[in-house]
Amino acid sequence: MNFEVSELTGQVAATARDFANQYIRPHVMEWDESQEFPLQIFKQLGELGLMGVLVPEEYGGAGLSYYEYNAVIQEISKVCGSIGLSVAAHNSLCTGHIMLFGNEEQKKKYLPKLATAEFLGAWGLTEPNTGSDAGNMKTTAVRDGDSWILNGTKNWITHGITGNVAVVIARTGEPRTSSNCTAFVVERGTPGFAGGKKENKLGMRASETAEIIFDNCHISDAQRLGEVGDGFRQAMKVLDGGRISIAALSIGIARGAYEAALQYSKDRHQFDKPISSFQGISFKLADMATEIEAAELLTQQACDLKIRGEKMTRQAAMAKYYASEVAVKVATEAVQIFGGYGYTKDFPVEKFYRDSKLCTIGEGTSEVQKMVIAREVLS
Ligand SMILES: Cc1cc2nc3c(=O)[nH]c(=O)nc-3n(C[C@H](O)[C@H](O)[C@H](O)COP(=O)(O)OP(=O)(O)OC[C@H]3O[C@@H](n4cnc5c(N)ncnc54)[C@H](O)[C@@H]3O)c2cc1C
C-alpha cells in the first residue's frame, strides 16, 4: 500500500475543502437549527463532479477512485457532517448500486443524471421493524405479468422525500428463506410511491431522513436491478463500499472536532497558562491524533482493496467500526477540552458531538460491524 497522497487526490481534496469553506461553513448552524435540507448545495456539488465521484466518465461522472472519494467525504464532513452524509448516501448507496448492478440501459438512463445531481438519489433497505435484521423486511414486490406491485414502508431513508430516484430492496420470496429479496429502481412521481414522515434528529439535521411509502406502486420489470432473488446479496455488496464512506464521514467529523480543540487548547488560558500545557489536556490531544491516524490507515487499506477489486468486507467493516467509534470519542473529548463553552452552540464542537453518533449507527451499527468482522475472521 502506498501511503503517499497523489497529486490528483490532493487536488480533488482541495476542491472539496474550498467549496465546503466557501458555501457550506457560513450556513452550518442555520441549517442545523432549522433542519433545512439545502438542495441547492448538492446541485452545486454536482457541477463540480462531486455527486458522481466514482461514476465513470462515459456515464458523465468524474471517473475518480475511492482515494479521491474518501478525501471528498472527509473534507466536506470536516465542515458539516450532514452534507457529508448526504453526499455519501447519494454517491455510494443509490448511485453505487446502479453502477454495480444496473444493466447498460439503466446505467445510461440514471447515472448521468445522478452524477450531475440533476437527480438526487435515495436507497431504501431499512424498515420500521427491520434494521440490523434487514433481511426480514416486510416490503413486498409481487409480480404481475410484465410489472411488479410494491407495497410497504421503508424508514430512515436519506433523501426519502426529496430524492428523485430510489433504489429499493423488496421481498419477492417467502419470509426467512434465502434469495427472497430483489432490488428495483423507482422514480419519484410513480403513482403509489411517496415520501412520508421526516425525522426530527439529534444530529445530521441538515441531511433529510424520511420514510418512503409504497402503496400498490406498479413498476415495469425494466426497473428491476439484476436477478430476481439477488437483492439482499447486492445490498450487502453495496454496503461494503458504503462503509468506506461512513468511515470517511467519521474521520472528517473527528478531524473537525480535533482541529477546533487543538486550537482552543492553545488559546484558552487557566492558571496563567494555555490549557494545552497541562498534561491532562495534551494527552487527550495525543490520543485523538493517534486514533484519527489509525482510522485513516484502516480506511486507506479498505480503499486500496476496493480499487484493486479485491474482497474487502472485513476491512471495510473494520474501518467503519473503528473510525465511527473514534469520531464519537474524539468529539466527546473535544467538548471536554472546550469546557463549558463546548456545551454551547457558539462553538462548533457540540455539533460534531451530536453528528458523530450517527456514524456508529448508520449502514450497520458497531455491533453489526463486529458481527461481520467476527464472521470473517472465524470463517
Ligand atoms: C440519519 C440516518 C440515516 C439513515 N439512512 C439510511 C438510508 O439511506 N437507507 C437505509 O436503508 N437505512 C438508513 N438508515 C438506517 C440505519 O442503517 C439503521 O438505523 C441501522 O441499520 C440500525 O437499524 P435500527 O435503527 O433498526 O436498529 P436495530 O436493528 O433495532 O438495533 C437496535 C440495537 O440493537 C443492536 N442489535 C441488533 N441486532 C443485534 C445482534 N444480533 N447482536 C447484537 N446487537 C444487536 C444494534 O446494534 C443496536 O444497538 C439511516 C439511519 C439514520 C439514523
*asked:* Please report the antiparallel percentage of the DSSP beta bridges confined to the chain, to the nearest 5.
replied: 85 percent
*For the chain, modelled as a GNM with alpha-carbon contacts under 10 angstrom, which of S132, S324, S356 fluctuates the most?*
S132
*asked:* Placing unit charges on C-beta atoms (Lys and Arg positive, Asp and Glu negative, everything else neutral), compute the dipole magnitude of segment 240-379 about its Cα centre in debye, rounded to 20.
replied: 200 debye
_Additional length obtainable on full extension of the chain from K273 to N136, 0.36 nm per residue less Cα span_ = 43.5 nm
*Cα centroid separation - segment 203-223 against segment 58-129, whole Å*: 16 Å
*Which lysines does K201 reach when only Cα atoms under 23 Å apart count, and residues fewer than 8 places away in its own chain are ignored?*
K78, K154, K320, K329, K345, K351, K357
*If you place +1 on the Cβ of every Lys and Arg, -1 on the Cβ of every Asp and Glu, and leave all else neutral, what size is the dipole of segment 159-231 about its Cα centre, to the nearest 20 Debye?*
320 debye
*Å² of accessible area per residue within the chain, as computed with a 1.4 Å probe and no ligands counted*: 43 Å²
*With a 1.4 Å probe and every protein chain kept in, tell me what percent of the accessible surface of segment 296-352 is carbon plus sulfur.*
56 percent
*Rounded to the nearest Å, what's the spacing between the alpha carbon centres of segment 131-200 and segment 271-290? Just the number, please.*
49 Å
*Between L48 and L100, what FRET efficiency comes out of the Förster formula 1/(1 + (r/R0)^6) with R0 = 30 Å and r the beta carbon distance, rounded to 0.05?*
0.80
*Tally Lys and Arg at +1 and Asp and Glu at -1 over the other residues with C-beta under 14 Å from the C-beta of V238: what net charge comes out?*
+2
*asked:* Restricting to DSSP loop positions (anything but H, G, I, E, B) with no more than 11 other Cβ atoms inside 10 Å of their own Cβ, which trypsin sites (Lys or Arg not before Pro) remain in segment 208-307?
replied: none
*Which listed residue (L64, I83, Q106) has the Cα farthest towards the positive end of the charge dipole for segment 49-108, taking +1 on Lys and Arg C-beta and -1 on Asp and Glu C-beta about the Cα centre?*
I83
*Build a GNM of the chain with springs between Cα atoms under 10 Å: which of S179, S86, S250 gets the top mean-square fluctuation?*
S179
*Okay, helix-only estimate at 222 nm for the chain: each DSSP H run of n ≥ 4 adds -39500 (n - 2.57), divide by all residues, round to 500 deg cm²/dmol; what do you get?*
-16000 deg cm²/dmol
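The values are calculated or read from the model by the stated rules, or taken from the named source; none is laboratory data. Because the structure is predicted, anything quoted here is derived from the model rather than measured. FYI the Cβ positions are ideal-geometry reconstructions off the backbone, even for glycines, and counts take in every protein chain you see. These area figures cover heavy atoms from the full protein model, side chains too; ligands, DNA and RNA do not enter into them. Shrake-Rupley method; radii C 1.70, N 1.55, O 1.52, S 1.80 Å.
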